Amino acid sequence: MAICLYCTEDKDLCQSHAVPDGFFKLISRKNNGKLITIPEGPNALHLTQNTGKSSLLCEQCEAIFNTRFDAPIVNAFKDWDKQIIHDGFSVRYEFSPNQMAQALVSIIWRACETHNVMYNNSKIRKSEKTQLLSIIKSNQDSVFEKCSCSIRRIYDYTENNNSGFSQKEVSQIILPPFAYQTKWGKSKKVKGFAFDILLVGFLCHLFFPKLPSIKSNGAGFLNPKNHKLHAPPYHFMQYEPLRKIAIAGYSKHASGNSKLKK
Ligand SMILES: [Zn+2]
């Protein structure tokens, strides 16, 4: 028995995912059940079955998270991804922006509460975790009073000359949530925290507290009143963590530092 982090009751805990298992299944189904990991540091490229599980929630709460957040968001990204691969970046995907943002917050809250090494970059302060939890527990319609969220679609402009990543390959990339501090406003007085997370080709940014409207009017920001979501294209080399990983992955592969079958 242990304390469930959501209902705070003393119960048997399940092995919970932060990034929903459904996202890993979308990828591994295309790769015969395999996931490729590009580790930081000297370790070789390898296949993994680590999908970031950790004891977090009781069975009842796990079921609530699955129904309320995970199943809808996995299906949404799966369909949105298909539409973009088929019709390009102009796709407007019909989905509730409130539900999308709240589900993303539920993922990063779980990530920052787990002890699984996959989420080593998701560490935030206790008071910040409390803010995330209050968004998960609050009414969906009030999510955008407490945070801002943007979603962009990663692409590679060299894909057409056969050397870059195609959109089908991009949709097989997941980066666990990455937490950082932010400052804005006159003389940077407003302090907040933010997360990036890359889910099957969609780069999501979440900012707490919500950004002033002048900042959150930009491309890709979700608007609570607009249920046609648009993920503008964003070149992967512009996003430093992904660029570093792509370069590390390529150099490990090129130098033979890899346990993957040739
Ligand atoms: Zn519980």
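Only the coordinates and a few stated rules stand behind these numbers; no lab work does. Everything numeric in this text was worked out from a predicted model, so none of it was measured. Cβ placement follows ideal geometry from the backbone for every residue including glycine, while neighbour counts extend to all protein chains displayed.
Below are the figures for this structure:
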quantity: Search result, residues across the stretch 102-128 that are assigned to a helix (DSSP H, G or I) and surrounded by fewer than 16 Cβ atoms within 10 Å (Cβ to Cβ); calculated: V117, N120, K126, S127
quantity: Number of the condition not met by Q181 [criteria: (1) surrounded by fewer than 17 Cβ atoms within 10 Å (Cβ to Cβ); (2) of a type outside the set (A, V, I, L, M); (3) under 19 Å from K244 (Cβ atoms)]; calculated: (3)
quantity: All positions within the stretch 76-99 that are in contact with a Phe, Trp or Tyr (Cβ under 9 Å, 6 or more places away or on another chain), surrounded by fewer than 18 Cβ atoms within 10 Å (Cβ to Cβ) and among the hydrophobic types (A, V, I, L, M, F, W, C); calculated: F89
quantity: Filter result (within 16 Å of the ligand (Cβ to nearest atom) and closer than 30 Å to N257 by Cα) within the stretch 1-43; calculated: H17, A18
quantity: Matching residues, the stretch 44-65, being within 16 Å of the ligand (Cβ to nearest atom) and of a type in the set (S, T, Y); calculated: S54, S55
